[in-house]
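Bear in mind these aren't lab numbers, they're just calculated from the coordinates by the rules spelled out. As the structure is a computational prediction, the values presented were derived from the model and not from experiment. Counting neighbours? That spans all protein chains shown, and the Cβs are built from the backbone with ideal geometry, glycine included.
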Amino acid sequence: MKHEIIQAMTENFEKYARKTETGVEFWLARDLQDLLGYGEWRNFSVVITKAETACELSGHPVQDHFVDVNKMVDLGSGSRREIDDIMLTRFACYLIAQNGDPRKAEIAFAQTYFAVQTRRAEIIEQRLLETERVRARQKLTTTEKELSRVIFERIAGEQSFALIRSRGDHALFGKTTQEMKDQWQVPASRPLADFAPTIILKAKDFASEITIFNVQANQLRTEDAISKEHETNHTAVRDTLIQRGIVPEQLPPAEDVKKVERRLTAEEKKALKAPEGLKS
């Protein structure tokens, strides 16, 4: 997300924040429904139910964080009627975001917004970027496992995947895997991808997905054929990056993704610990 969009979303979420007489921050579910991009209450209420279950399982009283209320709304005819609503603490909103549709940009933003206590948009932006990188690394791991399986089925050689992957690295960076590990000062026991920026993780994942598809579609069954396919796909991705002004081997290394993942997990646990309730 661009900084301007994150700033606008932050201001929008803050605009709907309210406080009880004792100063406890809360949001109304009907407002949160719109903020999270849900068009129908019945769909959003399913997410709320899941969040209430998660609240109970975490050991926190549901009634402290989800408080049923009623409010009057104006109808198009000029009349008014009473509808159900729910007062939600920051913790409740966080749980709702965690159980929402992850494909929605609003959900991705809310997961971080309600997890952090500070309101600084740049901190939210940084955490979103870190989360995106961790997910990109996880996706690449999944794709490479599938590629390894596909290769093994056709070649049945345990070393084949490593050799084929290294040829892909060479095509993408114009350098060997070891040369890039030396350049980025990657420990010998760690994969190069653990220190790759998000754009490189996604580039490798895309090229590998193409390899899987073409190996299966074209029934490639030799190490040489699969290696050439993998190399060609990484070369094509490299050419695209360079055309857009991104030279893979000139990018600086990113922080160890394992450290980033541990930090995000610690922050999430902190958000779940002793949340302020409406009935505290």
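At a glance:
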| item | result |
| --- | --- |
| Partners for residue 273 among aspartates and glutamates (Cα-Cα distance below 15 Å; same-chain residues under 8 apart left out) | 56, 64 |
| Highest average packing first - 91-97, 132-138, Cβ atoms within 10 Å | 91-97, 132-138 |
| Base-10 log of normalised Debye intensity for the range 3-114 (one unit scatterer per alpha-carbon) at q = 0.18 Å⁻¹ | -0.93 |
| Gain on full stretching of the segment that runs from residue 7 to residue 126 - 0.36 nm per residue minus C-alpha separation | 41.6 nm |
| Distance in nm between pseudo-label sites at residue 15 and residue 34 (7 Å out along the Cβ direction from Cα) | 0.9 |
| Cα-based Lys pair tally, the range 3-114, threshold under 23 Å, eight or more apart or on separate chains | 4 |
| MRE, 222 nm, helices only [DSSP H, n ≥ 4, -39500 (n - 2.57), over the chain, to nearest 500] | -20000 deg cm²/dmol |
| Residue 22-residue 70 FRET efficiency (beta carbon distance; Förster radius 30 Å; 0.05 resolution) | 0.90 |
| Karplus (6.51, -1.76, 1.60) ³J(HN,Hα), θ = phi - 60°, over the range 189-199, in Hz, Gly and Pro reported as x | 7, 10, x, 4, 4, 5, 10, 7, x, 4, 4 |
| Distance violations [Cα-Cα > 19 Å] among 204/228; 139/181; 139/202 | 139/181 |
| Hz values of 3J(HN,Hα) by residue in the range 47-56 - Karplus curve (6.51, -1.76, 1.60), Gly and Pro given as x | 5, 4, 4, 5, 5, 5, 5, 5, 5, 5 |
| Gained length - residue 224 relative to residue 41, 0.36 nm times residue gap less alpha-carbon distance | 60.3 nm |
| The range 181-280, relative contact order [Cα under 8 Å, separation at least 6], % | 31 |
| Most to least packed among 195-205, 255-265 [average Cβ atoms within 10 Å] | 195-205, 255-265 |
| Residues of type aspartates and glutamates that residue 258 reaches as a straight line, Cα spacing below 17 Å, ignoring anything fewer than 8 places off in the same chain | 130, 132, 194, 267, 268 |
| Positive-end extreme of charge dipole, the chain - chosen from 168, 66, 55 (charges on Cβ) | 168 |
| Dipole magnitude of the range 3-114 about its Cα centre (Cβ charges: Lys, Arg +1; Asp, Glu -1), debye to nearest 20 | 120 |
| Rg/Rg_globular for the range 125-280, with Rg_globular taken as 2.2 N^0.38 Å and Rg from C-alpha atoms | 1.22 |
| Electrostatic dipole magnitude of the chain [Cβ: Lys, Arg +1; Asp, Glu -1; Cα centre; debye, to 20] | 280 |
| Relative contact order for the chain, counting Cα pairs under 8 Å that sit 6 or more residues apart, in percent | 20 |
